[in-house]
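Structure first, commentary second.
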Amino acid sequence: MIKEIITYPTPLSVAHSTDVRVFDASIVTLLEDLKETIEDKNLDALSAFQIGSYYNIVVLKDTDGSLIEIVNPRLIGHSGSTTTAEATAYFPDMTAEIKRYENISVVYQDRTGKDSLLKVSGDLAITLQRKIDYTFGATFLHRMSQTQKEQFQNRLEFGGDIESADYCPTTFKRDKIIKLINIVLIVMAVAFVGSFFVSEAELLSTIWTYQLYTSFGVLGLNIIYFFYAQYEGKLYTSCSSCQLGNIIGTVVISLVKLSLLMVLSYLFINPS
């Protein structure tokens, strides 16, 4: 029988699954329900937890399309690691970057209680690890860092995926541009101060040329920062308005510093 899959915000059935001890007709029925649900909903795998059962059972679709019945799975070996964008039926239309083992070995039992060993790699390994998480009453949310969890929970509350998340981080990639601008301005200020200890006209001319061309570079970096910062802010819907003022203010402050340095350099260094 095709079953409904539990989705957020409905909580999973229990805190953790119970191993199958008696392999009777009810377990066979549950396995068939899982398989029918997988085929009907075109899924790669399904845990019994996801349809409200407390049993430690997973059904996994193999690369050839066959379905592997995995009862009482235990992860006994792993190697390698990979980070991929995962999706799960519990959080419809949502993805998250999760770190997983690239290769795993799992011992389990079939529907008759016979012990078996399964070794899988790549996408199958990632999928099976995600389904085993369900047997512990967990989703991939439990594998995220605190920052990732906060961001994901904001997306759950306000809707949207990573690119449109209603979440505003405290640090941005654009901050690196400002850091570079400030370093260059400090070097220009040092060159200006150093010019007071120089008397040769030729060297002063060289310092002035350096200040002039470097100022063009700083101006260019500010232009890059202004447009990139707006692009980065649009990736987060809640930042598009509150960050615009900060972007403009940062550029204005940087240009004021540059203008002050160039006026002083023109008055005290320019040999002409």
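The values are calculated or read from the model by the stated rules, or taken from the named source; none is laboratory data. This is a predicted model, so every value here is computed, not measured. Here Cβ is always computed from backbone atoms with ideal geometry, including for glycine, and neighbour counts include all displayed protein chains.
A few remarks follow.
- Scanning the range 46-59 for residues that are outside any helix (DSSP H, G or I) and buried (at least 23 other Cβ atoms within 10 Å of the Cβ) yields a count of 6.
Residue-by-condition table, conditions (1) in the same structural domain as Asp44 (by TED's automatic domain parsing); (2) surrounded by fewer than 15 Cβ atoms within 10 Å (Cβ to Cβ); (3) not in a strand (DSSP E or B):
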residue: Ser81; (1), (2), (3): yes, yes, no
residue: Met94; (1), (2), (3): yes, no, no
residue: Glu97; (1), (2), (3): yes, yes, no
residue: Ile104; (1), (2), (3): yes, no, no
residue: Tyr108; (1), (2), (3): yes, no, no
residue: Thr127; (1), (2), (3): yes, no, yes
residue: Arg130; (1), (2), (3): yes, no, yes
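- The residue list Leu117, Leu180, Leu185 contains one member that is at pLDDT 80 or above and touching a strand residue (DSSP E or B) at 6+ places or on another chain (Cβ under 7 Å), which is Leu117.
- Qualifying residue in the range 5-27 (condition: in a helix (DSSP H, G or I) and touching a residue at least 40 places away in the same chain (Cβ under 8 Å)): yes
- Qualifying residues in the range 140-167 (those that are crowded, with 19+ Cβ neighbours inside 10 Å and not aliphatic (A, V, I, L, M)) - the one modelled with the highest pLDDT: Phe140
- Of all residues in the range 60-79, those satisfying the criterion of being over 29 Å from the mean Cα position of the chain (by Cα) and part of a strand (DSSP E or B) are Leu67, Ile68, Glu69, Ile70, Val71, Asn72.
- Any hit, the range 2-19, residues being over 29 Å from the mean Cα position of the chain (by Cα), among the hydrophobic types (A, V, I, L, M, F, W, C) and more than 14 Å from Asp133 (Cα to Cα): yes
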